Amino acid sequence: MKTHFFDIIATGLDHDAPDFEQKFYDAGCDDALVIYRSGLICVSFARDAATMEEAIVSATDAVKSTGATIIRIDRDADPDMVS
């Protein structure tokens, strides 16, 4: 298992709602930091999975289950590939 780092950028939820952050936690995003900036929701993950693809699929499923709409996924560079 490897830890994969990436951000899911989304919209569509009221960031002022009292349960805003709890929705993500309950959806399985307890390995992420959720912030709201410039009108967008950024869910920054450090997700353990066998592959980056598995990590992203499970994270996008979780974010979608909150009712948010995913705009894009920003992947960090693989630290093993950076010199």
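The values are calculated or read from the model by the stated rules, or taken from the named source; none is laboratory data. Everything numeric here is computed off the predicted structure, so don't read it as measured data. Quick reminder, even Gly has a Cβ in these numbers, built from the backbone with ideal geometry, and neighbours come from all protein chains shown.
Does segment 37-53 hold any residues that are surrounded by 15 or more Cβ atoms within 10 Å (Cβ to Cβ) and either in contact (Cβ under 8 Å) with a residue 60 or more places away in the chain or of a type outside the set (K, R) (or both), and which are they? Steps first, answer last, please.
Going residue by residue through segment 37-53, those that are surrounded by 15 or more Cβ atoms within 10 Å (Cβ to Cβ) are 41-45, 47, 49, 52.
Matches in segment 37-53: I41, C42, V43, S44, F45, A49, M52.
Anything in segment 53-74 that is polar (S, T, N, Q) and farther than 16 Å from G12 by Cβ? List them, or say none. So that I can check it myself, show each step before the final result.
Just the residues of segment 53-74 that are polar (S, T, N, Q), to begin with: 58, 60, 65-66, 69.
Listed by number, the list holds a single entry, S58.
With the requirement that a residue be of a type in the set (D, E, K, R) and under 10 Å from V63 (Cβ atoms), what does segment 14-42 give you?
Hit for segment 14-42 is K23, nothing else.
Just to be sure I understand the filter: pairs with C-beta atoms under 7 Å, separated by 6 or more residues or on different chains, first member in segment 16-31 and among the β-branched types (V, I, T), second member at pLDDT 95 or above and in a helix (DSSP H, G or I). Which pairs pass?
Here the result reads none, with nothing in segment 16-31 linked to a residue that is at pLDDT 95 or above and in a helix (DSSP H, G or I).
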